[in-house]
Each structure stands twice: as C-alpha cells, then as structure tokens.
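Participant: One structure, as structure tokens, below. Some questions next.
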C-alpha cells in the first residue's frame, strides 16, 4: 500500500528507467513499425505507443488530482525514433511536477470513475498508471521479439543463465 506520494514518485522513476531502457534498445527499423494486422490500438505503430505512454501519464495524473479523466497535455513529437526518449523524459518531468507536493491524504481519497458510478482510491489510480505503462512496454517488447530485435532482460540475465546456476543452488 502506498503511504506517500514522494515514495510513489521514486517507484515511478524506476518504471520510467525501464521504459527508457527498452525504447533505447530498439533498432532503427522500429521507427514506424506497425503490426501486419489489426485495427485501432491493435494497429498502432511503435511511434504511436510511445506517444500514448507519454499522454497517459497526464491522464492518470489528472484523475489522481481529481481534475477529471482527461488527456490535456501536448505530447512532444514522437514521429521520429530520435524523439522518443526526449518525449518520454519530458512527460516524466511533467508527471513529477503534477504530483510533487500533493498531500498523502490524496492516496486514500475516492475518485469517481470516468465510465461508471464507482470510485477508486488515489493510490489505485497511480497503480493503474504503472500497470498501463508496463502493459505498453511489454507490447513493444513483444513486437521486438517477433521481429528478432534484442529485448533487454529485466534483471540483466536470461533463463538460460539462471539454469546454469541451478546446480550450485542445490548444493
């Protein structure tokens, strides 16, 4: 359970770093790559997914601040691969600005949902942001794997490397 917005921001920083790591690993052919089939979100290019990650950070920040479930931030261009990291860094900084100094009580206050009469606690909205970003980062990593592009290991080691260490763990 989250108890401090600053604590959450430190956690978010680690999520952001992993997103940057995976985006930086993409080869030049990733620019404008789109799935061969699909409609709507299922047909987004990697450029569009990066754009969506940036804009969604503000969507969840507005909801957390109880300012509505709105996209209200002009996302820097993500048309070229060279713009992906700067756009992500800019959205990271803006997200920090929006949450810095918010009271801890906001983590437990209830926020009305956009599409139902239900409510969510502030901390749950922040966790939705994390889950959303990891979802789209995983989408990009899946596209990378399907294309034979390197996918960074989340903990810096492969399953095969861990298998090699198993015998020493049994001893």
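Only the coordinates and a few stated rules stand behind these numbers; no lab work does. Keep in mind it's a predicted model, so treat the numbers as computed, not measured. Note that we place each Cβ from the backbone using ideal geometry, even for glycine, and neighbour counts take in every protein chain shown.
Participant: Would you work out the relative contact order for the stretch 5-170, in percent, from Cα pairs under 8 angstrom that are 6 or more residues apart?
Facilitator: On the way: 173 pairs, mean separation 42.9, N = 166.
Contact order relative to length: 26 percent.
Participant: Using R₀ = 25 Å, calculate the FRET efficiency as 1/(1 + (r/R₀)^6) where r is the Cβ-Cβ separation of residue 150 and residue 89; round to 0.05. Can you show the working numbers first?
Facilitator: Values: r = 22 Å, r/R0 = 0.88.
E(calc), rounded to 0.05, equals 0.70.
Participant: Going by alpha carbons, how many degrees (0 to 90, nearest 10) lie between the helix axis of 122-147 and the longest principal axis of the chain?
Facilitator: 30 degrees
Participant: Something else about it: Just from its helices, what would the mean residue ellipticity at 222 nm be for the chain, if runs of 4 or more DSSP H residues each count -39500 (n - 2.57) and the sum is divided by every residue, rounded to the nearest 500 deg cm²/dmol?
Facilitator: On the way: 5 runs with 93 residues, N = 171.
Per the formula, -18500 deg cm²/dmol.
Participant: Okay, moving on. Quick one: if you stick a label point 7 Å off each Cα along the C-beta vector at residue 11 and residue 159, how many nm between them?
Facilitator: Here the answer is 2.8 nm between the modelled labels.
Participant: Relative to the first principal axis of the alpha-carbon coordinates of the chain, what is the inclination of helix 5-24, with its axis defined by its Cα atoms, in degrees from 0 to 90 and to the nearest 10?
Facilitator: Helix 5-24 sits roughly 40 degrees off the main axis of the chain.
Participant: Using a ≥ b ≥ c from the Cα gyration tensor of the stretch 1-77 (square roots of the eigenvalues), is it rounded, prolate or oblate, where a/c under 1.5 gives rounded and otherwise the larger of a/b and b/c decides, a/b for prolate? The partial results should precede the final answer.
Facilitator: On the way: a/c = 2.59, a/b = 1.54, b/c = 1.69.
It is oblate, given that a/c is not under 1.5 and a/b is not larger than b/c.
Participant: Another question, then. Would you mind putting 20-27, 52-59 in packing order, based on average other-beta-carbon counts within 10 Å, highest first? It would help to have the intermediate numbers written out before the result.
Facilitator: Numbers: 20-27: 16.1, 52-59: 21.2.
The packing order, highest mean first, is 52-59, 20-27.
Participant: How tilted is helix 84-99 with respect to the longest principal axis of the chain? Cα atoms for both, answer in degrees (0 to 90, nearest 10).
Facilitator: 30 degrees
Participant: Which one is right for this structure if Cα Rg over 2.2 N^0.38 Å is calculated from it: (i) 1.77; (ii) 1.17; (iii) 0.99?
Facilitator: Of the labelled values, this structure produces (ii).
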